[in-house]
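**Student:** Got a structure for you, questions after.
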Amino acid sequence: MHLSVVIPAYNEELRLPNTLRQCIEYLKAQSYRSEIIVVNDGSTDGTERVVREQDATSLPVRSISHPDGANHGKGASVKRGMLEAQGAYRLFMDADNSTTLEQVERFWPFFNQGYNLVIGSRAIEGSVIGAHQAKYKEIAGRFGNWFIRTFAVPGIRDTQAGFKMFAGEEANMIFSRQTIDRWGYDFELLAIARLHGCRIQEVPITWINAEGSKVALRSYLEVLSEVWRVRRNLKAGLYR
């Protein structure tokens with residue numbers, strides 16, 4: 001298995017069908033073996049049905065859930081999917097398809113150069129924002145990125161874009177140490193990777209804000225509080 005694509009999903013019956021269709025079409029056209037894992041994070045709508053309806057005869061498409069079937073958060077869902085995945089390379093992306101899967105082609109050259117993580121960025125030269133978020137979210141996001149860069153992972157311009165790819169061995173090491181279940185998991189992963197000497201490359205992506213976002217203003221505040229949690233964990237040696 002060359003590439004695993006992990007998609008966390010909570011009540012995504014409306015947006016997930018198009019995302020899966022585009023992902024399946026892209027992956028079927030590639031020469032390598034791949035799989036899609038949708039992590040159902042306690043959905044109460046038809047998310048599970050959407051996954052079951054996909055044609056998995058030529059490309060494995062499966063849904064997994066948390067053992068208790070409850071909602072545990074996006075971070076917990078990404079962790080579960082990435083540790084379940086079998087690919088030599090593992091990508092997680094958003095169910096809303098805000099960054100489309102074919103953009104992974106920009107990532108391969110850096111893995112060939114020896115990088116362990118390649119992450120999509122909306123904040124470096126070459127990135128394109130096709131449709132913007134609400135103004136308050138953009139302001140909160142810019143402040144949050146500055147705060148995270150200053151106190152958690154210096155040098156990373158965009159820690160929060162939901163399009164990140166890991167070499168399989170490093171994925172097992174990093175995600176097995178992840179502790180944050182909800183919104184702050186992105187920069188925790190990067191902090192763990194840095195601690196263990198992983199090489200990280202930011203790559204510009206095209207990102208289009210999709211309607212129906214589940215990120216509320218309070219989520220930005222949660223992220224800021226989790227920065228201190230990551231700092232405490234680093235000082236306590238928890239990620240060793």
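The values are calculated or read from the model by the stated rules, or taken from the named source; none is laboratory data. What you are looking at is a predicted structure, and each value in this text was computed from that prediction instead of being measured. Glycine gets a Cβ as well: all are built from the backbone with ideal geometry, and neighbour counts include every protein chain shown. Heads up: the accessible areas ignore ligands, DNA and RNA and are worked out on the full protein's heavy atoms, side chains in. Shrake-Rupley method; radii C 1.70, N 1.55, O 1.52, S 1.80 Å.
**Student:** Using the Cα centre of region 138-240 as the reference point, and only Cβ charges (+1 on K/R, -1 on D/E), how large is the resulting charge dipole? Debye, rounded to the nearest 20.
**Tutor:** The calculated dipole for region 138-240 is roughly 440 debye.
**Student:** Something else now. Checking the cross-link filter: which lysines have an alpha carbon closer than 23 Å to that of Lys135, excluding same-chain neighbours under 8 positions apart?
**Tutor:** Within the straight-line cut-off, Lys135 pairs with Lys214.
**Student:** Averaging sequence separations of C-alpha pairs under 8 Å and six or more residues apart, then dividing by the length of region 98-232, give the relative contact order as a whole percent.
**Tutor:** Values: 173 pairs, mean separation 56.9, N = 135.
42 percent.
**Student:** Above 26 Å lies some portion of the pair distances; for region 30-182, what is it as a whole percent of all C-alpha pairs? The partial results should precede the final answer.
**Tutor:** Working: 3770 of 11628 pairs.
Value for region 30-182 (Cα pairs over 26 Å): 32 percent.
**Student:** Separate question: Counting heavy atoms of the protein chains only and a 1.4 Å probe, report the per residue accessible area for the chain as a whole number of Å².
**Tutor:** In whole numbers, the chain has 45 Å² accessible per residue.
**Student:** How long, wide and thick is region 63-146, going by the Cα atoms along their three principal axes, in whole angstroms, largest first?
**Tutor:** Principal-axis extents of the Cα atoms in region 63-146, largest first: 38, 36, 23 Å.
**Student:** What is the distance in Å between the Cα centres of region 137-182 and region 53-68?
**Tutor:** Computed from Cα coordinates, the inter-centre distance equals 27 Å.
**Student:** Which value, in debye to the nearest 20, describes the size of the charge dipole of region 1-136 about its Cα centre when Lys and Arg Cβ atoms bear +1, Asp and Glu Cβ atoms bear -1, and nothing else is charged?
**Tutor:** 260 debye
**Student:** Which of the trypsin sites (Lys or Arg not before Pro) found in region 13-60 are in a DSSP loop and have at most 15 neighbouring Cβ atoms, other than their own, within 10 Å? Can you show the working numbers first?
**Tutor:** On the way: sites: Arg15, Arg21, Lys28, Arg33, Arg49, Arg52; in loops: Arg15, Arg33.
Passing sites in region 13-60 are Arg33.
**Student:** List the longest stretch of the chain that has no exposed loop site; here a site is one of the GluC sites (Glu not before Pro) assigned by DSSP to anything other than H, G, I, E or B, with at most 10 other Cβ within 10 Å. Don't jump to the answer; show the numbers that get you there.
**Tutor:** Working: sites that count: Glu125, Glu211.
Maximal segment without exposed cleavage sites: 1-124.
**Student:** Here's a follow-up. Calculate the spin-label point distance for Ile139 paired with Ala56, positioning each point 7 Å from the Cα along the beta-carbon direction, and give it in nanometres.
**Tutor:** 4.6 nm
**Student:** Here's a follow-up. Tell me which DSSP H helices of the chain clear both cut-offs, 27 Å or more of axial length from alpha-carbon atoms and a mean Kyte-Doolittle hydropathy of at least -1.0.
**Tutor:** Helices passing the filter in the chain: 217-236.
**Student:** If you don't mind, another one. Can you give me the relative contact order of the chain as a percent, contacts being Cα pairs under 8 Å and 6 or more apart?
**Tutor:** Rounded, it is 23 percent for the chain.
**Student:** Roughly how many percent of the accessible protein surface of the chain is carbon and sulfur, given a 1.4 Å probe and a whole-percent answer?
**Tutor:** 50 percent
**Student:** Another question about this same structure. Specify which residue in the list Gln30, Asn11, Ile139 is farthest towards the positive end of the charge dipole of the chain, using unit charges on the beta carbon of Lys, Arg (+1) and Asp, Glu (-1), about the Cα centre.
**Tutor:** With unit charges placed on the Cβ atoms, the residue in question is Ile139.
**Student:** Right, next: First obtain the Kirkwood hydrodynamic radius of region 95-240 from its Cα pairs, then insert it into the Stokes-Einstein equation at 25 °C and 0.890 mPa s, and state the resulting D in µm² per second as a whole number.
**Tutor:** 155 µm²/s
**Student:** Dipole magnitude of the chain about its Cα centre, charges +1 at Lys/Arg Cβ and -1 at Asp/Glu Cβ only, in debye to the nearest 20?
**Tutor:** Using Cβ point charges on Lys, Arg, Asp and Glu, the chain gives about 880 debye.
**Student:** Same structure, new question: Considering Cα pairs under 8 angstrom that are at least six residues apart, work out the relative contact order of region 150-200 and quote it in whole percent.
**Tutor:** Averaging sequence separation for qualifying contacts and normalising by length gives 41 percent for region 150-200.
**Student:** Still on this structure, please answer the following. Cross-link candidates for Lys79: which aspartates and glutamates have Cα within less than 18 Å, leaving aside residues fewer than 8 places away along the same chain?
**Tutor:** List returned: Glu35, Asp41, Asp68, Asp94, Glu169, Glu170, Asp181, Asp186, Glu188, Glu226.
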